[in-house]
Amino acid sequence: MVQLLRVARANGIIINRTKLAKLLYLADLEAVGNENAPGSGVEWRWRHYGPYSNTLQEVESDLELAGIVGASETINFFGGKEVRLSLTTDAPEVEIDENFAAIVERVVAEKGRFTATQLRDLTYQTPPMLEAQKLGRREVRLDLTGGEPLPDLEPALRKLRAVARGMPALEDDVGAVGDLSEEIDSLSELRKEATDEMLDGG
């Protein structure tokens, strides 16, 4: 987020929340297309206006509290409210992968002057969003490689956490680790023989 705002400021580009989300999504998409990890570190879902992550709001709040980012509400050209984001410091200290920094710079240079609506429409044409639209269900997790949306594991994880909280605490079995270690050691020769036989027979 900071790198994107830094590049936008250097190029005189105004960034609002919608543009920030869409540009970061496009940067992540390009990174994955280049066989790199997505650099934003957020999980993208199909929300009301295309790809979005609630984590962006959390990061924005943290950066505001740290005095790095400022958010100001304004009225856009069409008479609607929008929140514009900008850096409040000249040289914020952040670490970012060099390759991803270059991707962000390129994406902002190429698409940063698009309107929020143009960026939204562009993101709807990307492979992850096209796959999500085939299902016709919002809130699905987007697969940036262009495959079908990823399964949502959070509901199952919540159930597992609830079950785990209701289980009694486990008591340590004194000496169990030592017994297991002895058993592993006693089988080492047999494992070696089996491995040798497999390699020789292969």
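Some notes on this structure:
- Carbon/sulfur fraction of accessible area - the chain, other protein chains in place, 1.4 Å, %: 53
- Å² of accessible area per residue within the stretch 30-175, as computed with a 1.4 Å probe and no ligands counted: 68
- Student exercise, the chain dipole from Lys, Arg, Asp, Glu Cβ charges, in Debye to nearest 20: 2220
- Taking only alpha carbon atoms, the stretch 1-67 gives an Rg to Rh ratio of 0.96, where Rh is the Kirkwood radius.
- Projecting the alpha carbon convex hull of the chain along each direction and taking the average yields 19.7 nm².
- The candidates TYR52, TYR25, arranged from most to least accessible area with a 1.4 Å probe in the full protein assembly, appear as TYR52, TYR25.
- Highest mean packing comes first when the peptides 28-37, 54-63, 182-191 are listed by Cβ atoms within 10 Å, giving 28-37, 54-63, 182-191.
- At q = 0.15, 0.16, 0.20, 0.22 Å⁻¹, base-10 log of I(q)/I(0) for the stretch 15-106 (Debye sum, equal scatterers on each alpha carbon): -0.65, -0.74, -1.12, -1.28
- A simple count of charges around GLY147, restricted to other residues whose Cβ falls under 13 Å of its Cβ and scoring Lys, Arg +1 and Asp, Glu -1, yields -1.
- Square roots of five times the Cα gyration tensor eigenvalues for the stretch 92-158, Å: 27, 19, 11
The values are calculated or read from the model by the stated rules, or taken from the named source; none is laboratory data. All of these numbers come straight from a predicted model, not from anything done at the bench. Glycine gets a Cβ as well: all are built from the backbone with ideal geometry, and neighbour counts include every protein chain shown. The protein model used for the area step is the full one, side chains on, heavy atoms only, and it has no ligands, DNA or RNA in it. Shrake-Rupley method; radii C 1.70, N 1.55, O 1.52, S 1.80 Å.
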